[in-house]
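The values are calculated or read from the model by the stated rules, or taken from the named source; none is laboratory data. Computed from a predicted model, the values in this text were never measured in an experiment. Cβ placement follows ideal geometry from the backbone for every residue including glycine, while neighbour counts extend to all protein chains displayed.
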Amino acid sequence: MKSVSRIRLFRLTVERHLFKQIVLLENDMETKRLVEKDAKLNRNDLIVITGAGGFIAGNLVKYFTEKGFTRIRAVDKKPLYEWYLRTPGVESLCLDVSEEAHCRRVCEGAVEVYNLAADMGGMGFIERFRVACLRSILINTHMVETAYRAGARRYFFSSSACAYNTLLQQDPNVRALKESDAYPAMAERGYGWEKLVSEMFCQEYWFERGLKTAMARFHNVYGPHGTWDGGREKAPAALCRKVIEAIHTGKSDITLWGDGHQTRSFMYINDCVKGIDLIMHADALIATPINLGSSELVSINDLLSKVEKIAGVKLTRHYDLNAPRGVAGRNSDNTFIKKMLKWEPNTSLDKGLAATYKWINIQYEARQQGKRVVE
């Protein structure tokens with residue numbers, strides 16, 4: 001009996017000692033999280049950007065290249081000839097990062113990782129292909145783990161305003177959404193839920209493992225070198241293309257999805273990539289989701305009017321009430337980003353639309369001439 005008691009006492013002593021060590025270790029980790037500073041990012045440190053064959057990530061590769069960074073690994077599952085924007089001198093890999101083995105290859109040697117890979121598109125895509133959108137959770141799950149194991153200093157995840165509670169978006173005259181409006185959770189089915197859960201992964205990798213994570217909730221990004229046809233395009237590109245088609249085919253009418261009263265804010269691509277950089281490197285925003293979008297609210301009817309003004313035409317409008325339309329209204333509350341970064345996306349919709357229309361018109365005419373274009 002004495003032997004059993006001694007064993008129990010020894011075990012209890014060991015358990016108490018281990019508990020104290022764990023508490024001390026956790027306290028030490030918390031201290032490091034608060035005070036540990038990164039070494040300055042060197043121009044030859046490896047930056048990894050996934051989804052680089054797509055619109056936003058492709059422009060992000062270009063952005064960092066123009067800032068003078070010399071080692072960028074751009075990754076997308078699409079073949080290179082389907083990439084929207086390719087930057088010379090960048091390591092370009094065709095790999096599907098929903099597979100863990102590919103993620104290990106992608107993150108090898110990375111100092112910073114920007115994960116913008118996802119199966120997504122405009123409202124016509126995310127309402128019809130919810131399973132595909134949900135499966136993107138595999139990408140972030142594998143990417144954040146392999147980035148952590150590879151010793152990356154920082155990890156960025158591209159979230160979305162679709163993570164917000166849809167019950168707050170049932171009126172076109174919607175109040176702007178602030179970051180806390182994601183809870184209680186009632187995200188957009190499929191795409192929105194994937195983003196919300198992936199945000200949680202990023203937060204826990206910081207709280208539990210000390211990986212500095214950043215998350216931006218994008219609000220409808222548009223601009224040149226983006227999707228403009230085929231079903232995945234956002235409203236600005238879709239309306240530009242429809243107006244251009246009407247002009248080239250001699251039509252005098254246009255069809256809008258929904259009743260035209262839906263409201264949105266749209267962020268120009270240049271503001272988006274700058275915002276990603278600022279958010280990624282703000283220690284005060286570690287593991288903190290933040291809006292990245294314009295606060296300039298516009299109805300779809302007014303958006304079309306702006307495109308018509310650029311094109312110099314006026315079209316008869318028809319409304320397809322059975323088409324995907326999304327929530328009734330959504331806008332970005334930029335109070336938090338202005339407080340934290342002393343900055344917000346500020347390219348006017350008129351200016352951004354003019355550049356977007358010009359670029360899509362060039363692509364449309366090239367396609368009409370039989371030239372290969374990325375849509």
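Miscellaneous remarks
- Look at (1) more than 25 Å from Gln170 (Cα to Cα); (2) surrounded by 14 or more Cβ atoms within 10 Å (Cβ to Cβ); (3) under 21 Å from the mean Cα position of the chain (by Cα); (4) among the small types (Gly, Ala, Ser) and you find that Ala355 fails only one, number (3).
- Here Ile247 clears all of (1) modelled with pLDDT of 95 or more; (2) farther than 22 Å from Leu211 by Cα; (3) within 20 Å of the chain's Cα centre (by Cα) except the condition numbered (3).
- Qualifying residue in segment 57-66 (condition: over 17 Å from Ile139 (Cα atoms), modelled with pLDDT of 95 or more and charged (D, E, K, R)): yes
- Meeting the requirement of 1 or more residues that are closer than 20 Å to Val374 by Cα and either of a type outside the set (Asp, Glu) or touching a residue at least 12 places away in the same chain (Cβ under 8 Å) (or both), the strands (runs of 3 or more DSSP E) wholly within segment 33-152 are 47-50, 72-76, 91-94.
- For beta carbons closer than 6 Å, sequence separation of 6+ or different chains, a first residue in segment 156-182 that is in contact (Cβ under 8 Å) with a residue 60 or more places away in the chain and closer than 26 Å to Met143 by Cα and a second that is assigned to a helix (DSSP H, G or I) and of a type in the set (Asp, Glu), the qualifying pairs are Ser159/Glu199; Tyr164/Asp181.
- Members of segment 155-196 that are of a type in the set (D, E, K, R) and modelled with pLDDT of 90 or more: Lys178, Glu179, Asp181, Glu194, Lys195
- Test for Ala147: is it under 30 Å from Asp302 (Cα atoms) and either small (Gly, Ala, Ser) or out of contact with any strand residue (DSSP E or B) (no Cβ under 8 Å at 6 or more places or on another chain) (or both): no
- When residues of segment 223-244 are limited to those that are assigned to a loop (DSSP other than H, G, I, E, B) and not charged (D, E, K, R), the one modelled with the lowest pLDDT: Gly231
- Within segment 128-145, the set of residues being at pLDDT below 85, crowded, with 18+ Cβ neighbours inside 10 Å and out of contact with any Gly (no Cβ under 6 Å at 6 or more places or on another chain) comprises just one member, Phe129.
- Matching option when the condition is over 20 Å from Asn334 (Cβ atoms), small (Gly, Ala, Ser), surrounded by fewer than 16 Cβ atoms within 10 Å (Cβ to Cβ) and in contact with a helix residue (DSSP H, G or I) (Cβ under 7 Å, 6 or more places away or on another chain), among Gly190, Gly210: Gly210
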